[in-house]
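Written below as structure tokens is the structure these notes are about.
The values are calculated or read from the model by the stated rules, or taken from the named source; none is laboratory data. This is a predicted model, so every value here is computed, not measured. A quick note on method: Cβ atoms are made from the backbone with ideal geometry, for glycine too, and the neighbour counts reach across all protein chains shown. Protein only, heavy atoms only, side chains kept; ligands, DNA and RNA dropped before computing areas. Shrake-Rupley method; radii C 1.70, N 1.55, O 1.52, S 1.80 Å.
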Amino acid sequence: MRAKQIPSSLTRSKSQILLLFFSLSLILLSFLFFLFPPSDPAASSITHPYPHPRIPPQTSFVASLEHFLTHKALNHRSSDDTVRSLLQDDVRMFDDRKFAKEMDWVHGDPYYPLNFPIRVYVYQMPNKFTYNLLWLFRNTYRETSNLTSNGSPVHRLIEQHSIDYWLWADLIAPESERLLKNVVRVHRQEEADLFYVPFFTTISFFLLEKQQCKALYRVLVSTRIRVLSKCMRCLCRAYWVVQEALKWVTDQPAWKRSEGRDHIFPIHHPWSFKSVRRYVKNSIWLLPDMDSTGNWYKPGQVSLEKDLILPYVPNVDLCDAKCVSESESKRTILLFFRGRLKRNAGGKVRSKLVTELAGAKDVVIEEGTSGDQGKAAAQKGMRRSIFCLSPAGDTPSSARLFDAIVSGCIPVIVSDELELPFEGILDYRKIAIFVSSTDAVQPGWLLPFLKGISSTQIREMRRNLVEFSRHFMYSSPAQPLGPEDLVWRMMGGKLVNIKLHTRRSQRVVKESRSVCTCDCRSGNNTTSSTLSGQSLSG
């Protein structure tokens, strides 16, 4: 039986109707999409548990701290990890729990101990070591603009070395507010790779040990015995705060298990925590540099194997890509420096450079001043200059290096023993000129050398400065590729050695252990020499 044929005109009519129906449906869907757009995934804690990327990060220490203390600190838990009594069995039981957890990782993760994210336990120390010190700075920073003995404003020094605040604030923030993927906070000590000690060593040093007794010292000169007892009480208070913090940490079972090898201390100012450093020399120190002269760190206390170099917090505002582009035609100064012209120890090269460069054309060398006017003058000078001189200070490093980087001014580094932050990741040759102290002070050498650098290379280095600036801007929330992020990327490379030395320390017979004082290690010297004549730095 033949199938009944449908007229072609009817088929075309049905096709047209279907086509019209689909067209109207698409128009209706587009209209509904326009009226009711999908919710922003950044606003949903389920689909995207991180802050909206368009929210600008806060880079001001004072502003970030104000927000932290007035909005977040009031809700913190009052309990802490204080150890009331510690028995040897406590350490053994903790070690057993730690061993069991590590075996789970060994069998469950084919890449362990090379693993990310890094698991960090943040100690909950009593408030007097953490929140109270932050409140002390917050309530007095406008009154602490008086200068230290070397002429630096106290509050600015605390801001320069505030790495302890930025790292801690990120670690304890709720996961819904964090952007970093390479580190997580754990709440069980046996699950931790590392232990962070949130004692604010710089604030403690300047606002307890230095500032509270400074006026008393002045009075002591004139009245002597009359105020001696009061001043001694003040000194003892500052001393005992550090001693108490040390005892609190070293009482922890996790500390006794590893002798502190997996514990992180922010000791970013070279004077901070100085009276007790010998008791924590096995720990990981977060430092501004590694002075090898012995003036700031004793032999055997610091090494690149265990410690980490972190950048200073810049004193000046960031000059972003637009700022650098607009300032390019205004950079008429060849070489700029504003700061203390005379320093101690390794910084003596400054006075020699001043003698050599004084009065040279297109060169600005001037003594720095404190306060907002000094900051504004430094920022203006750097944004008008092609090169910024970065000589050693009292230690090999100087905050001025990072001021130059974020200002789009190519640093000229004259510091033969300088160690740089995150050098395992960043190549500073792309953004800075390295000159040995010997060459820099030779009569008539430095300026012709700088003038000989091509405009093409200068433009390329300035573009690189724009890209590199993000690595030196601390912020809240901490940003990917920011300094907080690079800290943990660098720390990941240390974990295997930390675990190795921890296990070794647990089984080596104490009397048989050879003690390395590390005083045979050479510094990071930038003078030219053959590879065969150099020894590897620790």
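Table for the structure above
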read-out	value
Environment charge at residue 66 (Cβ cut-off 14 Å; Lys +1, Arg +1, Asp -1, Glu -1)	+2
Nearest-0.05 FRET efficiency for residue 348 and residue 100, computed from C-beta distance (R0 45 Å)	0.25
Cut-off 12 Å between beta-carbons: net charge of the residues surrounding residue 404, Lys and Arg +1, Asp and Glu -1	+3
Computed Rg/Rh of region 321-473, alpha carbon atoms with Kirkwood Rh	0.93
Where GluC sites (Glu not before Pro) fall in DSSP loop in region 406-475, at most 15 other Cβ within 10 Å	423
Entries of 98/274; 247/494; 281/499 with Cα pairs more than 20 Å apart	98/274; 247/494
Column: log10 I(q)/I(0), Debye, Cα scatterers of region 57-169, q = 0.13, 0.23 Å⁻¹	-0.77, -1.29
Inter-label distance for residue 318 and residue 67, nm, one decimal - labels placed 7 Å from Cα along Cα-to-Cβ	1.3 nm
Under-5 Å amide H pairs with residue 186, H placed in peptide plane, nonlocal only	120, 121, 122
Surface share of carbon and sulfur [accessible, 1.4 angstrom probe, percent] for region 56-171	53 percent
Charge dipole magnitude, Cβ of K and R +1, D and E -1 - region 321-473, Cα centre, debye nearest 20	480 debye
